[in-house]
Each structure stands twice: as C-alpha cells, then as structure tokens.
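In what follows, a structure is listed as structure tokens, so that the remarks can point back to it.
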Amino acid sequence: MSSPVSIEAVMAGLEERRYIGDRPLATSIFLALALGRPLFIEGEAGVGKTEAAKVMAQVLGARLIRLQCYEGIDVAHALYEWNYPRQLLHIRLLNDSADRAAAEQEIYAKEFLLRRPLLDAIDNDDPVPPVLLIDEIDRSDEEFEAFLLELLSDFQVSIPELGTIHARRPPFVVVTSNRTREVHDALKRRCLYHWIDYPSVEKELAIVRARAPEAAEQLAHDVTALVHGLRELDLYKAPGVAETLDWARALAQLGATRIDTSLVDATLGAALKYQEDLERAREQLPELVEQARGA
Amino acid sequence: MAVQAPDLLPRLAAFARLLHDAGLDGGPGRLTTATKALGFIDLRDRAGFRDTLRACFVGRREELPVFEAAFDIFWAPPDPRVRAGFLPGKSRPLPLAPDRARSWMQALGLNQGAQRPGDLQEVVNESSGYSADELLRHKDFDEMSWEETEQVKRLLQQSPWRIAERRTRRSRPARRGEVDLARTARQSISSSGELIRLLHRQPQLRRRPLVLICDVSGSMERYSRLLLIFAHATARRERLETFVFSTRLTRITRLLRKREIEPALSEVSKRVHDFSGGTRIGEALAEFNRRWARRVLGHGAVVVLVSDGWDRGDPELLAREVSRLRRMSHRLIWLNPLLGSAGYEPVTRGMAAALPHTDDFLAAHNLKALDELGSLLAGLGRRRTVR
C-alpha cells in the first residue's frame, strides 16, 4: 500500500490491524508521512508507542527497521562498522607484490561494511520506503542525539572511506521516548510531536477485546476497570496498557471469568512492579476489586 | 502547498506569536511546518485543524494544556452568548506576562463586552493554584542588593569546582586499558595484516548530573535567595536540575537558564507562588519521586536537598520518601542551614526521621558552607558509598 491519502485512511488502517488509536494520533501519522517528517511519540511506558510504529509498517506494507537505544549507543552500533576480521583476512590473502593503495581501496568497499539499522534504513532498495523505529531515544546520550539530528534532517550519512550516501527513498521515521529524560529541543524541532495518554475506560476495553481476545467479556471489563482504579492511586509506576493486556491474559490462563480479591492479590505482580506500589494497592484491594466489579 | 483560505496565513502567524508569548516555540521553523501541514488537511475539519496545529507547535507534554488554552482563545468561533476565550468547559488559563496579556486581549477583542476588564490577567492568577490552606506570599527578588549578588558571583568564580565524573558506556583511545580491537585491526591493515602493536581503550568519563531540591518555606526565608543565586551560578557550568518547594514542588530549571541573574530570579519569584509558605518535605519529595525522579535521576545523578527539616507533615512519610530518593540517586546530600548555628542538634521530628537515610549531612548557612559543598561534589568517587 502506498502512503495513505487521508486521516481517515490512516485510522482505518490502524483499526484493521487491531490497533485502537484515536484521531489525533492518526492525524499526526498522516501529516508526518505527507510532510516527510519524523514523528516523535512520547508517553508513559506501555501505552502503545512502539506498537504504533509496528502497526504502521504493516499498514504501509513496509519493512520495519528497529533501533533500540541504550546508554552509550554509538555510530558503530547504530549506523555501520567495518568488518575488520574480514578485511584482515582479505589483505593477508593478497599477494605481497600487490599494490598497497589498490588493496586498501579494495577492502573499503561496501561488501566489507557491516550495515547497522540506520544505514539499512537510509541505503534501502525497498519497493516501499521502510519504517525506521528509533525506540526509547531517552535512553541514549546527548552525543547520539546530536548525531541523529543530522541524519534526520537530511536523510543522508557520510562514511569517510565511501563518501555520502543519500536516501533515495527516505524512510518513515518514528522516534519514541518514555521521558526518562528531556530530549533536546533541536531534535524535537525536526519532528512532529504526539503525546499518547492513558486511554479512557471504553477505549482500553476495546484494546483488551482486540488484543487479548482469550479474556472473557466480563473479565476484560473487570480488569480494565481495576487498572483504571489502580491508576487513580498515587503510585510510583502506574500500570500501562501493556500491563492491562498482560493481566487479562494471565487471568484468562487461570480460567477466570471474573475477578475476586484473592485472584487479584495473587496476580497483582502482572500490573505493579514496585514493592511500595504493591503494598499500597494491597491495603485497599477489597474496595478496589469491589469498585471494579460494580463499574 | 498553498493554504486554501486567503487570510489564514497572517492569522496563523499571529497564533504562533501568541504561543510564543505563552512560552511555546512559535518560531518560523514551526510556523512553516504548520503552514505546509495545513495544506494536506481539510480546513473545514475543526478537530483535524486543531490536531494538526498541535502536532506542529507542541514539543513537550507540559505544553499541551497551554496549547489547548491558546487554541480555544484564539480560534474561538464568534459567539455572542459566551465571552470570547471562555468557552464553557473548554478554556484553560494561559500563562502570559501581564503586559502581553493586556495587548493580546486588545488584539483579540476580548475586553470588549467583558464583564470584568482584565480577564486574562485574573485567569493567570487563578492558574497559580492559590489555595486557602497555603500561606502564600509573593516574594520579590528584585530587591536584592548589588553587593550581595556580586559577592556570591565572585566567590563562585574564584572556586571553580566541577562535579565529579562517572564512567560512561562509551570508550576513548587510551594508552592502557582494554584492547581496542577495531582500532588495532584497522592499523594492522596498513601493515598487510600483521599485528604490530595493540591499541587500547578506556571508558569515557562524563560529569554527573546534579539535582538541587530547595526548601523555600518560611523558615528558610533567609537562605532561599542565596541558594537560588548559587543554583543560577552552578547551572552555568553543570548539568543542573533545580526544584523548589514549600507546600508544593516546582521545577525551575528552565527559569534559571536566563543568562542574567536578575531576570532569572524575578522569573522564579513570578512563577513560584508558595515562597515562604509552610513546609511539607515529605509530600514534596513524594511528588518529586513520582513525577520527576525517573526523568532527572538518570546517568548517576547526585541529589542535593536543602532544608532545615522543619516539617509539618508526617515523619514516617518523610523517612520513606528520603530513603527512596537515596536509592535512586548516586549520592544524597542533605544541606541544613541550621547546622551552622552553635548548639544545633538535628532533633526536629522530620530531621531525625530523615537523617539515617542520607549519605551526607552538611551545613549551608553561608557562602563558605556552599564552597565546602563544592569540594565534596568535586571529590565524589566513581562508586556509590556503601550504605
């Protein structure tokens, strides 16, 4: 499929692949595609940022290239690296009399290049431009951000030994961040911005139905209401949509069709990951469960 | 791509200016993006129009409410039944400087027919979250004496300490350390694949981020100003995040970025509305731990908490939050101005509860004490203290 022609087309594409998004998100995606700009998606952990990029790749019929960021990620891990062992072997196999300069040129050719995700995305021959997902950019450091800045504005990279490589078909770039730190304004300025919030009860229920169909209707309803109750508590880490789905699946595995206090108590770890949060939730568990069942 | 409506472009530029005055980036780059983006959508689609401008002009979550408010006020349809800019259930306050608010009201025709002149200005005040139980007094930092400022600045310049470094996951070429395979291989290519010399690498070092959390409640009044000057000077050379609290926590990192100290401090006093109120250290730290810790305590941050420990809140809560804060930071330093006065013992309930959970407990009553803090920060080891 080529680039969607309207906001509605994006909406339909997302829905078809069981991603329950809203119109503002579809608008941002549509515009990012139309303008050829990267899309910067922020939101709490587990609200579906990465999933949005994955689903968009399916909608576009494009290859998904994912770059997971971490502290210390650098050009060698993100862009390219020379395959030194191969180069060494090659040069040792050459005749001693061979011309040194020619040999050096030979070993700095594309076949000695280890292509990392970013080079892969820029230098692509795909029929449809790929979707480049730069995941959790907040985990990388400032040096890497500065490097991305250049890449994202011109869609080109320079390799000293080879020259500059332009993207013939720029990829659709999605950058995600959990906001564990503030990403520099200069990078954001090159992107369109979208904040994904926790969904409403109705929307989250629709997500559970679509993504965890093994959970019975009543169970899906109970779990969604319970998670919304938990988010109201003052927790260190409120459960995300991903946790709701995990929890619904876990309870379905146990054969539950409704929730009760002991069942919730036993599986609470699917939703809350901090000891303090678990304690706080357990203090008011009967009320929370009661409230969720009644909702 | 041409925008369909003829008068849209100047309107859009004016909207960008309003956003700019309200603290968002409404510069030419974003304006150009927005203009282009609008070419792709149906302008009669109001929701799409709003979504488009949001995607183009907003860059941070905190900016979302400001954007929505500005949008409501600026693009409000002319409706005689409601006062412009006050769509029921929709309008939110817009943080504008008083003079800008006045000129915008004039420009948008908001003061005509308004029941109360100065609407926007009053909205601004409501936005600051006045509540009855907070002892709110608006402090003016503009009265700072010239000598005081100069003295602090001079002293901070004379003792140019820098915060200690930590190892990062990046490496740099070095004479010793781990063998750097990539560089070694690369070099041996020029000698036809013979390994002649091993090259080494070592982890790169970077300065630790510093987080300052300052108590500016009534009992800290005499010290708050001094501490803010300290924060402003430190922010010039370190990666510093600054928060102040009395009954509520406010992040002032961005406000302190102004180069000149006077405008920076008057900005702080304008935005922080509970200077010299009561103290709830526990609640303030709880808020920090939940809302900010994960965002500002990465990369081995050092936390400096400045407070006299006079707390009206629950000591148990305080102990719990201080202990959590410590677990999330590389080092937690508590500065107490009272520690400098003769005969002081940390016996207030709050202080007694929190003390076992801090790594260091230092004085902060004068410039010399701040200088000693500087030496401590400069001398921090690479490893965490054993706790």
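Quick check on the range B:184-222: of everything there that is in contact (Cβ under 8 Å) with a residue 40 or more places away in the chain and over 20 Å from the mean Cα position of the chain (by Cα), which residue is surrounded by the fewest Cβ atoms within 10 Å (Cβ to Cβ)?
Of everything passing the filter in the range B:184-222, B:Arg222 is surrounded by the fewest Cβ atoms within 10 Å (Cβ to Cβ).
How about the range A:37-97: which helices (runs of 4 or more DSSP H) wholly inside it have at least 2 residues that are facing another protein chain (nearest Cβ under 8 Å) and of a type outside the set (Asp, Glu)?
A:84-93
Check B:Leu376, B:Leu338, B:Leu317, B:Leu297 and return the single one that is at pLDDT 80 or above and crowded, with 20+ Cβ neighbours inside 10 Å.
Answer to the check: B:Leu297.
Taking A:Asp126 as meeting all but one of (1) surrounded by fewer than 20 Cβ atoms within 10 Å (Cβ to Cβ); (2) within 13 Å of another protein chain (Cβ to nearest Cβ); (3) more than 22 Å from A:Tyr84 (Cβ to Cβ), write down the number of the exception.
The one condition A:Asp126 does not meet is (2).
Could you tell me whether any residue of the range A:95-111 is touching a Phe, Trp or Tyr at 6+ places or on another chain (Cβ under 7 Å) and crowded, with 19+ Cβ neighbours inside 10 Å?
No - not one qualifying residue is present in the range A:95-111.
What helices (runs of 4 or more DSSP H) lie completely within the range B:7-62 and have 1 or more residues being closer than 27 Å to A:Thr180 by Cα and touching a residue at least 40 places away in the same chain (Cβ under 8 Å)?
The helices (runs of 4 or more DSSP H) meeting that bar are B:8-21, B:46-57.
Run A:Leu133 past the list (1) within 21 Å of the chain's Cα centre (by Cα); (2) within 30 Å of A:Ala103 (Cα to Cα); (3) of a type outside the set (Gly, Ala, Ser) and report the number of the one that doesn't hold.
(2)
Out of curiosity, is A:Val223 aliphatic (A, V, I, L, M) and touching an Asp or Glu at 6+ places or on another chain (Cβ under 7 Å)?
no
Take the residues in the range A:268-285 that are surrounded by fewer than 18 Cβ atoms within 10 Å (Cβ to Cβ) and within 18 Å of B:Asn289 (Cβ to Cβ), then tell me which one is nearest to the chain's Cα centre (by Cα).
The qualifying residue nearest to the chain's Cα centre (by Cα) is A:Lys273.
Restricting to the range A:4-36, name every residue that is part of a helix (DSSP H, G or I), within 23 Å of A:Pro213 (Cβ to Cβ) and within 12 Å of chain B (Cβ to nearest Cβ).
Selection gives A:Met11, A:Leu25.
Considering every residue within the range A:189-200, establish whether at least one is out of contact with any Cys (no Cβ under 7 Å at 6 or more places or on another chain) and more than 14 Å from chain B (Cβ to nearest Cβ).
The answer is yes, given that some residue of the range A:189-200 is out of contact with any Cys (no Cβ under 7 Å at 6 or more places or on another chain) and more than 14 Å from chain B (Cβ to nearest Cβ).
Which residues, counting only those in the range A:13-36, are charged (D, E, K, R) and either buried (at least 19 other Cβ atoms within 10 Å of the Cβ) or at pLDDT 95 or above (or both)?
Of everything in the range A:13-36, nothing turns out to be charged (D, E, K, R) and either buried (at least 19 other Cβ atoms within 10 Å of the Cβ) or at pLDDT 95 or above (or both).
Residues that are more than 18 Å from B:Leu332 (Cα to Cα), at least 1 per element: which strands (runs of 3 or more DSSP E) completely within the range B:189-254 meet that?
Because the criterion is at least 1 residues that are more than 18 Å from B:Leu332 (Cα to Cα), the strands (runs of 3 or more DSSP E) in the range B:189-254 that meet it are B:200-207, B:249-251.
Check whether at least one residue in the range B:170-180 is surrounded by 15 or more Cβ atoms within 10 Å (Cβ to Cβ), assigned to a strand (DSSP E or B) and of a type in the set (D, E, K, R), and report yes or no.
The answer is yes, given that some residue of the range B:170-180 is surrounded by 15 or more Cβ atoms within 10 Å (Cβ to Cβ), assigned to a strand (DSSP E or B) and of a type in the set (D, E, K, R).
If you take the residues in the range A:254-265 that are in contact (Cβ under 8 Å) with a residue 24 or more places away in the chain and surrounded by fewer than 19 Cβ atoms within 10 Å (Cβ to Cβ), which one is nearest to A:Ala281 (Cα to Cα)?
Among them, the one singled out is A:Thr261.
The values are calculated or read from the model by the stated rules, or taken from the named source; none is laboratory data. What you see is a predicted model, and the numbers here were worked out from it, not measured in a lab. Virtual Cβ from ideal backbone geometry, glycine too; neighbours counted across all protein chains shown.
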